[in-house]
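First comes the structure, then the notes that go with it.
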Amino acid sequence: MFLLNPTSFSKQAVEASADPCFFPIISYLSTHPKVTLRDIKRQNPTISISDQYMEALVALKIIERHHGLYQLTKTKIRPEDFDLFNLTLKEFFSHQDLTKWEYNQVFTSQFLVALNEMFPLEDTYFYFENNDTLNYHLNLPIHLSRLSGNEYHWTVVRKSMPEFQETISDYFNYLQISEHLFPKEFLKTYTDIGDVNPSFFFSYIDRKIRRLNKGRTIGSDKTDIFLSLMADYSYLKIEAGQYQPNYILEDNACQSLDFSVFFSEIKKLIRGLDNINLSSSDQNFLLKICIYEYLVENNIIESLNTTLILKSVTTD
């Protein structure tokens, strides 16, 4: 019932959310706003809740304290909120001509970039009721996480934190956190490249990508742990003994497609709904989820679980 904004990795927030005290505190505050620390401790007698830990949660703006009373920083997303957005958008889509849209990876990446730009997540944290259906939807991989090398911006698709995904961006993110929280899924990567400086890694790979983009070949027979890693993460593929691109160049995507009118109509539609007690960021969160899932289910766009989108730094 707690998610972190996936666009900005916070070592402190990820570590705080992994503490055994975290979810009992958040769960209690979700149904008991404006309570004292004594109330929270009395409700959770089997765990040790320190004043310092509560101070850390306040400092991270995960919870608030006013005159000695604690509460969550914002309203929870409820299953009925999701249902309202989902049904409204399905009705909207039923009146749209979507046959003009292609079903390919380049189009999908461009659409997802536009979706994230049109519906930004300004808030840091999201709270939602513990519901299996809602839990599934709120963890769809619809967010973009951007890292930058010298020549390319690297954009990878990810879901919300504190969940992680096996992406190169999350590998470097989770190198920052406490060793006991480091995901076992990244142990092979750690064995291969260790705690290499991200700047060095991206500078090296940028040069290789530039070579591939010029149509030159790179053989896979020579040992290259960085290129091998790119293949492990499906950002490159190996065909006929050569490394081949398996990423999307945003610069080469069709720039004539303009989704602004389409997204503006959706925004106007949602503004007309009654009884929505959610922040604009929460609304954007739900909109992105519902739009993405509908288009994937109807084969308009592809599911992007491992896609890497590259954009030249010089085109900014």
In deg cm²/dmol and to the nearest 500, what is the mean residue ellipticity at 222 nm of the chain if only DSSP H runs of at least 4 residues count, each as -39500 (n - 2.57), divided by the residue total? -13000 deg cm²/dmol
Evaluate 2.2 N^0.38 Å with N set to the residue count of the chain, then give the Cα radius of gyration divided by it. 1.11
Describe numerically, in nm with one decimal, the distance between label points set 7 Å from Cα along Cα→Cβ at F93 and at V106. 2.5 nm
Where N is the number of residues in the range 79-252, Cα Rg divided by 2.2 N^0.38 Å: 1.22
With angles folded into 0 to 90 degrees, how steeply does helix 79-93 sit against the dominant principal axis of the chain? Use alpha carbons for both and round to 10. 40 degrees
Taking the Cα atoms only, what angle lies between the long axis of helix 105-118 and the longest principal axis of the chain, rounded to 10 degrees? 40 degrees
Please list, or write none, the lysines whose alpha carbon is within less than 30 Å of the alpha carbon of K41, excluding same-chain residues fewer than 8 places away. K11, K61, K74, K76
To test your reading of the geometry: what angle, between 0 and 90 degrees and rounded to tens, separates the Cα axis of helix 22-31 from the longest principal axis of the chain? 60 degrees
Along the dipole axis of the chain (charges at Cβ: +1 for Lys and Arg, -1 for Asp and Glu; origin at the Cα centre), the most positive-end residue among F107, Y243, S50 is S50
What number of lysine-lysine pairs in the range 79-252 show an alpha-carbon separation below 22 angstrom, given a sequence spacing of 8 or more or placement on distinct chains? 10
Hand me the trypsin sites (Lys or Arg not before Pro) from the range 31-74 located in a DSSP loop with no more than 16 other Cβ atoms within 10 Å, in residue order please. K34, K61
Across all directions of projection, what mean area in square nanometres is found for the Cα convex hull of the range 48-172? 12.0 nm²
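All of the numbers you see were taken from the coordinates with simple rules; none came from a lab. Just so it is clear, the model here is predicted, and its values are computed rather than measured. Neighbour counts are summed over all protein chains in view; Cβ atoms, including those assigned to glycine, are modelled from backbone coordinates with ideal geometry.
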